[in-house]
Amino acid sequence: CMRGPNAAGLLLGRKDLVQAAVNCISPNMGLGRPMKVGKEEIIGCLTAMDMWINGRDHDAEWKEWERWLEVIREKIVKVSTVKAEIIPPGRRCNYTPTLTITWDQNTIKLTDEELRKRMWDGEPCIDICYRLGDSFRSRGTAVNPYMMKPGEEVIVGDKLYEIFSQNIS
C-alpha cells in the first residue's frame, strides 16, 4: 500500500536472493534486461517510499477509510435485506478494511454481476468488487476504500442505495 507507480517496486530480502536478481538486470543480459524501469518510475517509487516513512499518518488514514465505509454501510442497510459489514483485510495486497455487502436476491432482484455492471456503467463510473469468493463469502459484493478520495463515500453510498432501492420486488 505504498501507492507508488505500478511499473516499479522494491526488492527486499535475503542478500543472496537479491544478488541473484541483480545479476539479471542491466547491464547484464539476464531475464530482467527488457524490463528496465524508467527514471520516472524510480523517482515515483522513491517518493512513495519517502511518503510512506515520513509523510503519511497510517493510523489516521486507516480510521478515515473505516469512516468512509461506515458512511456507505449506514446508507445501504436502510434497504430491506441488505447487510453490510466492515471486515479486516484477509490478504497482504491492498491492505485495507473492506465493506462486504450481501442481500436477499429473492427480495432485491439483482445479481452481484448486475450490481457491478450498473455501478460501472453509471455516472460517475464506480468500480466495485463482486463474486467475493472464499476470502469473504460465497456471494456478495465488496467496497475497498483504497483508491477513494474524500467525499466519494457519499457518492458510492448514494449510488448503491439507489440501485438496491430500484430493484426491490
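The values are calculated or read from the model by the stated rules, or taken from the named source; none is laboratory data. This one's a predicted model, so the numbers in the text were calculated from it and none came from an experiment. A quick note on method: Cβ atoms are made from the backbone with ideal geometry, for glycine too, and the neighbour counts reach across all protein chains shown.
Output the qualifying pairs, or none if there are none: Cβ atoms under 6 angstrom, residues six or more apart or on different chains, first residue in segment 58-80 and farther than 12 Å from Leu99 by Cα, second residue in a helix (DSSP H, G or I).
The qualifying pairs are Lys75/Gly157; Lys75/Tyr161; Val79/Phe164; Val79/Ser165.
I'd like the full set of residues that are under 14 Å from Tyr95 (Cβ atoms) and acidic (Asp, Glu), limited to segment 55-71.
Within segment 55-71, Asp59, Glu61, Glu66 meet the criteria.
Is there any pair linking a residue in segment 104-124 that is closer than 17 Å to Ala84 by Cα to one that is part of a loop (DSSP other than H, G, I, E, B) and of a type outside the set (Val, Ile, Thr), with Cβ under 7 Å and at least six apart or on different chains, and which?
Listed pairs, sorted by first residue: Thr107/Ser80; Thr107/Ser169; Ile108/Asn167; Leu110/Asn167; Thr111/Gln105; Asp112/Arg131; Asp112/Arg139; Asp112/Gly140.
I'd like the residue in segment 92-110 that is surrounded by 14 or more Cβ atoms within 10 Å (Cβ to Cβ) and more than 22 Å from Ile155 (Cβ to Cβ) and, out of all such residues, is modelled with the lowest pLDDT.
For segment 92-110, the residue satisfying everything is Gln105.
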